[in-house]
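The structure appears below as C-alpha cells.
The values are calculated or read from the model by the stated rules, or taken from the named source; none is laboratory data. Predicted model, so just to flag it, every value in this text is computed and none were measured. Methodologically, a virtual Cβ is constructed for each residue, glycine included, from the backbone with ideal geometry; neighbour enumeration extends over all protein chains shown. With ligands, DNA and RNA removed, areas are computed over all heavy atoms of the protein, side chains included. Shrake-Rupley method; radii C 1.70, N 1.55, O 1.52, S 1.80 Å.
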Amino acid sequence: MIDDLKENLIEYLVLFVAVIVFLVLFILFRFDKTSLLAISSLGSIFYIGWGIIHHMLRGRLTRLITTEYLLFGLLVFLLLFTVLNF
Amino acid sequence: MELENTKKVNFWRKNVKAIEKYQFMHHFLPHEEEQTRSKFLSNGAILLYCIFVFAVTATFRFLPKLVPGVLGYASNITISDLLAQTNQKRSEKGLSPLRLNSTLSEAAKQKAYDMFENDYWAHISPDGVEPWDFILGQGYDYIYAGENLAKNFSTSKQVVEGWYNSPTHKSNLLGANYDEIGLAVVNGTLNGYETTLVVQMFGRPRDRTQVASVIEEEGLLEEISVQEEVTEPIMGTQITVNPKEVEPTLDVTKVSRSMSLTFGGFVGSLLALDVWYSKKKGIKKFTGHTFAHLTVLLMVIVSIWFVFRPGLIL
C-alpha cells in the first residue's frame, strides 16, 4: 500500500485534496439537500475521471478497469443519493 | 516436485469439502493464483449492490403511493423547545425574545391542517391561499408578518438549526420587526409518508399594546404541554396536533441510513481485507486501486454518519 502511495504520489495527493474539499462542501451545504445531491454527483464523476485518467497515464487502462471505476462511482453516488432522498 | 504435486492433487480429490471451503474463502479474500479481487468485490457483485440499493430507494419512493402511512419520519418536536431555541438564537444576537401568541399559533395550525388535507408542501396552496390569509383569517391584524416551514426533522433543535442556516429563514428568525410568534407541530400523512410538519409564523400586531404578556405565554405553553389533539380521519389521514414522540411503522430515515452504512461498511471491510491480504501474500492484481476505492468509500461513510441529517425547510 505504501509502495502504491509512493509510486502514485501526485495522483493520490489530488485524490486526498479532492476528498477533503468534498467533505468540506458537504459540511458547508449540509442543510441544503439539492446542493448536496449536486456535490455528490460531482464527487462521483470526479472519482470516475480520476481513476480513468490515472490508469490511462500509465497505459494500464482496460475495459475492465474502466467498468470498475464506473461501478464504484455509481455505488458511491447511490449510497449518498439514498440517504439524501429521505 | 511431481510427486509433491500428485500428493497435493490427491489430497484435494479426497477432501472436496476442503476445496469448497477454500473456494468460499475467495468470496471475501483475493485470489493468489488468479490474481483477482474477492468475488464479492468483482464488477458483477458491485453491479448487483448498485441494483439492490437503487431498487430499495425506488421502492421507498413508490410504496407510499400504494400504501400511504407505512413509511414515515420519527420525530420528537415540541412547541416549548422550538420557542426556547428560537429565542436563544435571538438573544445571542442581542434581539428581544418573541412572545408566543395563541392567535398566530392557531393560524399556524390551520396552515398545517391545510397542507395535510390538500397534500401540498408550499407557502402558497395550490388554490392560491397565502400565509397571510391564515393569519388574517384568525383575526390577527398585523403590520409585519412572516412564515417558516419545516418537515421530516427529528428534533426541535434540528428544525431551528435548519432555519438558522438558510439566509431567508434566518432573516425571519432574527427579524427585528417581529414581536410575536405562532407555532404549530402537527403529525399526519403527506404525499404518502407519515411526517411531522412545523409551521412558524411571525408577526407584529398593528396595536402593539396587544402583544402577548409573559403570563399569557406561560398559560398557553402549559395548555399545549398537556394537550394532544387527534382528529377524525380526513380522507383516510389522521392528524395529531402537538404529538408526543412519533414512531412510524417504518422510519424511512433510519432504514435508508442503515442500508447505506451497511453496504458502505461491507464493501469497505472487503477492500480493507483486500489491501491487507494482498500485502501479506504479495498478490499483484491487474485492477483499479483498492486504496483509492477505500478512501472514497470512507468519505461516504463519514458524510452519512456525521454530516447528513434528515429534514426539509421552506
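Residues in region B:150-169 that are buried (at least 22 other Cβ atoms within 10 Å of the Cβ) and away from every other protein chain (no Cβ under 13 Å): B:S156 only. All of B:L294, B:L271 fail the test of being touching a His at 6+ places or on another chain (Cβ under 7 Å) and assigned to a helix (DSSP H, G or I), apart from B:L271.
Return yes when B:I301 is in contact with a helix residue (DSSP H, G or I) (Cβ under 8 Å, 6 or more places away or on another chain), outside any helix (DSSP H, G or I), within 14 Å of chain A (Cβ to nearest Cβ) and surrounded by fewer than 19 Cβ atoms within 10 Å (Cβ to Cβ) and no when it is not.
Spelling it out, it is not the case that B:I301 is in contact with a helix residue (DSSP H, G or I) (Cβ under 8 Å, 6 or more places away or on another chain), outside any helix (DSSP H, G or I), within 14 Å of chain A (Cβ to nearest Cβ) and surrounded by fewer than 19 Cβ atoms within 10 Å (Cβ to Cβ).
Looking across region A:8-27 at every residue that is more than 10 Å from chain B (Cβ to nearest Cβ) and under 24 Å from A:T66 (Cα atoms), the one that is surrounded by the most Cβ atoms within 10 Å (Cβ to Cβ) is identified as A:V14. Put simply, of A:R30, A:R60 the only residue that is within 19 Å of B:V302 (Cα to Cα), within 8 Å of chain B (Cβ to nearest Cβ) and modelled with pLDDT under 95 is A:R30.
Check region B:138-148 and report whether any residue there is open to solvent by less than 30 Å² (accessible area, probe 1.4 Å), of a type outside the set (D, E), within 14 Å of chain A (Cβ to nearest Cβ) and touching a residue at least 12 places away in the same chain (Cβ under 8 Å). Yes, there is a match, as at least one residue in region B:138-148 is open to solvent by less than 30 Å² (accessible area, probe 1.4 Å), of a type outside the set (D, E), within 14 Å of chain A (Cβ to nearest Cβ) and touching a residue at least 12 places away in the same chain (Cβ under 8 Å).
When we screen B:I215, B:I224, B:I181 for residues that are within 20 Å of B:P131 (Cα to Cα) and among the β-branched types (V, I, T), the only hit is B:I181.
Only residues that are open to solvent by 10 Å² or more (accessible area, probe 1.4 Å), within 7 Å of chain A (Cβ to nearest Cβ) and assigned to a loop (DSSP other than H, G, I, E, B) were counted across region B:276-288, and they come to 1. No other residue among B:L250, B:L273, B:L314 is farther than 30 Å from B:S102 by Cβ, more than 7 Å from chain A (Cβ to nearest Cβ), out of contact with any Asp or Glu (no Cβ under 6 Å at 6 or more places or on another chain) and at pLDDT 90 or above apart from B:L273.
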